[in-house]
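Below is one structure, written out as structure tokens, with a few remarks after it.
The values are calculated or read from the model by the stated rules, or taken from the named source; none is laboratory data. Treat the numbers as computed from the prediction; the structure is a model and nothing was measured. With ideal geometry, Cβ positions are generated from the backbone for all residues, glycine too; neighbour counts draw on all protein chains shown.
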Amino acid sequence: MRNILSIASITFKEGLREKVFYGSIILFSLILLLNYILGQIAYGDQGKVLRDVGLAGLELSAVLVTVFFMLNSFWRDRESKMLDVYLSRFLRHEFLLGRFLGVFSVTAVFLFIGLICFSLLLFFHKAFYFSLLAGVFFIFLKLVILLSFALFFATFISSQVLAYLLTIAVYITGSISRNALDIINQEGSPLSIFFFKYFYLLFPNLDKFEIKLAVAYGNAPQFSYVAISVIYALAYAGFVLSIANLIFKIKEQ
Amino acid sequence: MPKAVVRVRDLTKSFGKLRVLNKVSIDIHEGEIFCLLGANAAGKTTLMRCLLGLLKFQSGEISLSAKTGFLPENFSPYRYFRGKELLYDFRTKNISKEKCDSLLEMAGLALSKDRYIREYSRGMIQRLGIALALSTDPEILVLDEPTLGLDPLGQKQVLDLMRVLKGQGKTIFFSSHILSQVEGVCDRLGIISHGRMVFLGAVEELLKKKGASSLEEAFILTAGESDCP
């Protein structure tokens, strides 16, 4: 356990010193600024626009920073031979878990900073709802699954760009698969319905974490829904990490 | 007869159809500095990576009777870490921060341990890498091309550090293709060419066997012979 925490701590420190981390905070600040301007010209409930667009901006910048950092750090460790240093002194599963926990912590810090900036803007506009905390927590859960996929791809794909694109593809597929399944169910052939049903089950159901609109209206999810979502995110991430570990053990780095 | 702390027997490793190591056998004795010499792509790094369990091999046996520390070739640690920070974070639980400080001092980095690694010269990075390799308290140090890309002063500092470590009873297994360094520092050497170990022994034995006046001449004769079909 000490080794896993050591690796997580190194990854965490590395992540907080990355330019991309600060770049993403700037990106999110720009989104907030744009959000503020949009809020000024929006027709109707300005607070709702601020909350909805702000959460979407936070999710977008968090996805970009954490997936990029996860893949970039893995790729850079390969290039700089730091991976050899890790693997010559730690077990492979310790490295994977430590790396995952480190990026997980970077994600949490990023979301925390984002939440503070976002909340300040909403307080200024008297548009803050406590339900937004649940919205940010659900973004975090979504990212936990996404990070496990990023790590999974990093273990066997040497091209950083390809691994990045595949992770983003999982994110998009997981976010829209429910809608796609509904359309297929209505208009598809029996064969396509059959295949798509399993496809839907196999891919992460990220739509289950999509509560941005509800929390923008001040509706927080029930505790049971939060609990089930946490269990689902952890179980799914655990499953993907187990497969990543198997591949990482077999594959020569 | 000194005790062998590293034993490699008939090690064979291929990448696809390319055979990189072909029945390589070596013994490295406790407390000695052993140098693995070879041209580029001769199989030096592959042998070291197999030894450390970083690569799987097709056949043969490897036994290590002590803990190892490793410095990879072209080692480039995190630029935004301070020198001491890297050692503190990577150390094993039996190594204290004070011990890390003493390792940095031994590596000649006591005054620059608080500086960011991005401010280090190549030679300082290599010495930091050796200190890092020592931060698991290993008996055997495996150093892959530790003097690669260093200026003469940097090379001398690394070689001096290796002598100090030998004096402390460490076994050092390093690879190089810079012949001038080998004579002064190593107790025995192995020459690897196209994945085959073509010579094992002391520098004097090699010179005598080849009737050569310099190590360079002896190396060219030895490695060159194995090039001929």
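If the requirement is being in contact (Cβ under 8 Å) with a residue 60 or more places away in the chain and part of a helix (DSSP H, G or I), which of these qualifies: A:Ser242, A:Ser229, A:Ser192?
The match here is A:Ser229.
Going through segment A:37-64 one residue at a time, which ones are among the charged types (D, E, K, R) and either surrounded by fewer than 21 Cβ atoms within 10 Å (Cβ to Cβ) or over 16 Å from the mean Cα position of the chain (by Cα) (or both)?
A:Asp45, A:Lys48, A:Arg51, A:Asp52
Given the residues A:Ser105, A:Ser80, which is the only one that is within 14 Å of another protein chain (Cβ to nearest Cβ), of a type in the set (S, T, N, Q) and surrounded by fewer than 18 Cβ atoms within 10 Å (Cβ to Cβ)?
Being within 14 Å of another protein chain (Cβ to nearest Cβ), of a type in the set (S, T, N, Q) and surrounded by fewer than 18 Cβ atoms within 10 Å (Cβ to Cβ) holds for just one of A:Ser105, A:Ser80, which is A:Ser80.
Can you tell me which of B:Gln168, B:Gln181 is over 20 Å from B:Ile26 (Cα atoms), at pLDDT 85 or above and not aliphatic (A, V, I, L, M)?
Just a single option satisfies the conditions, and that option is B:Gln168.
With (1) without any contact (Cβ under 8 Å) to a residue 12 or more places away in the chain; (2) over 30 Å from B:Arg9 (Cβ atoms); (3) not aromatic (Phe, Trp, Tyr) as the list, and B:Arg118 as the residue in question, which single condition is left unmet?
Looking at each condition in turn, B:Arg118 falls short on (1).
Note down all Cβ pairs under 7 Å where the first residue falls in segment A:1-22 and is farther than 19 Å from B:Lys84 by Cβ, the second is among the charged types (D, E, K, R) and modelled with pLDDT of 90 or more, and they're at least six residues apart or on different chains.
A:Asn3/A:Glu94; A:Ile4/A:Glu94
What are the residues in segment B:53-76 that are surrounded by fewer than 20 Cβ atoms within 10 Å (Cβ to Cβ), within 10 Å of chain A (Cβ to nearest Cβ) and touching a Ser or Thr at 6+ places or on another chain (Cβ under 9 Å), if any?
B:Gly53, B:Leu54, B:Leu55, B:Lys67, B:Glu73, B:Asn74, B:Ser76
What are the residues in segment A:70-116 that are outside any helix (DSSP H, G or I), without any contact (Cβ under 8 Å) to a residue 60 or more places away in the chain and closer than 17 Å to B:Gly53 by Cβ, if any?
A:Lys81, the sole residue that qualifies.
One line per residue, one yes/no per condition, for (1) touching a Leu at 6+ places or on another chain (Cβ under 8 Å); (2) assigned to a helix (DSSP H, G or I):
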{"residue": "A:Lys126", "(1), (2)": "no, no"}
{"residue": "A:Val161", "(1), (2)": "no, yes"}
{"residue": "A:Ala169", "(1), (2)": "no, yes"}
{"residue": "A:Asp182", "(1), (2)": "no, yes"}
{"residue": "A:Tyr200", "(1), (2)": "yes, yes"}
